[in-house]
Every structure is written in C-alpha cells, then in structure tokens.
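Have a look at the structure below before the remarks.
The values are calculated or read from the model by the stated rules, or taken from the named source; none is laboratory data. Bear in mind the structure is a predicted one, so any value in this text is a computation, not a measurement. Backbone-built Cβ (ideal geometry, glycine too); neighbour counts: all protein chains shown.
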Amino acid sequence: MTTKIDRIIKLQENILESLNAVNIKLEKICATMISDQILQETVSPDGDVRSPEQCAEIIKESFNAGLCLSKDLDSDHKNFQYSVSEFFIEGEDDDSEDEPPQPMNVSSIF
C-alpha cells in the first residue's frame, strides 16, 4: 500500500523527468536556431565574408536586443493589465471570466 508521500514523491520524479526531457528538446531547438543564425551571418548582405568574431558580435547584439524587446513587452503587458483593472469595476463579472461565452440565439432576434 502506497502512502500519500510515496505518491507525491513519484509525481515529483515524473515531473522532473518530463522537465529534463523538455529541457533537452529546448536545448536542441536553441542550438539549431543559433547555428542557422550563424550560417546566415557568415556573409554580409553585400556578399562579403564575415569573420567568426563579427558573426559572434552580431549574434550577441541580436540576443541582447531580443532580451530588451522581451522586457519591453512584459512591461507593456503589465501596464495593460493595470489599465484594464482600473477601467473595469471589480466584483460584478468576476465569475464570468471562467465561464465560456454563451452562444447567441439568432431566432430570438427576428
């Protein structure tokens, strides 16, 4: 007979195994994306061959720009959520967010 603690430990082990599998797949995706970007950056738009250092610098700048954009998007999303919470009155429709929208009865319109 297994106890609740044993089931929780088994569940944690399953979750860790799943996370490890996902991390391995994400690492492969990232490696593929980086190798693709390196391949694209080896030649400039003018047709000149770039050095490995130039390619690395371009990729580093691209990564940093992506991080900045991500932070800006997070900030914009937080500002939007704040605006929404200030605009709408709390309490009236709190339960309606969890419910799917009801279909419209078209026959009642005519």
Answer yes if at least one residue in segment 47-69 is of a type in the set (A, V, I, L, M), surrounded by 10 or more Cβ atoms within 10 Å (Cβ to Cβ) and not in a helix (DSSP H, G or I), and no otherwise. no
When the residues of segment 5-47 are filtered to those that are at pLDDT 90 or above and among the charged types (D, E, K, R), which remaining residue is farthest from Gly66 (Cα to Cα)? Asp6
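How many residues, within segment 31-46, are surrounded by fewer than 11 Cβ atoms within 10 Å (Cβ to Cβ) and either part of a loop (DSSP other than H, G, I, E, B) or touching a residue at least 40 places away in the same chain (Cβ under 8 Å) (or both)?
Qualifying residue count for the region: 2.
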Please find, within segment 1-24, the residue that is nearest to Ser62 (Cα to Cα) out of those that are surrounded by 10 or more Cβ atoms within 10 Å (Cβ to Cβ) and of a type in the set (Lys, Arg). Lys10
Within segment 81-110, work out how many residues are in a helix (DSSP H, G or I) and either closer than 30 Å to Cys30 by Cα or modelled with pLDDT under 60 (or both). 6
Of these, Thr32, Thr2, Thr42, which one is among the polar types (S, T, N, Q) and touching a strand residue (DSSP E or B) at 6+ places or on another chain (Cβ under 9 Å)? Thr42
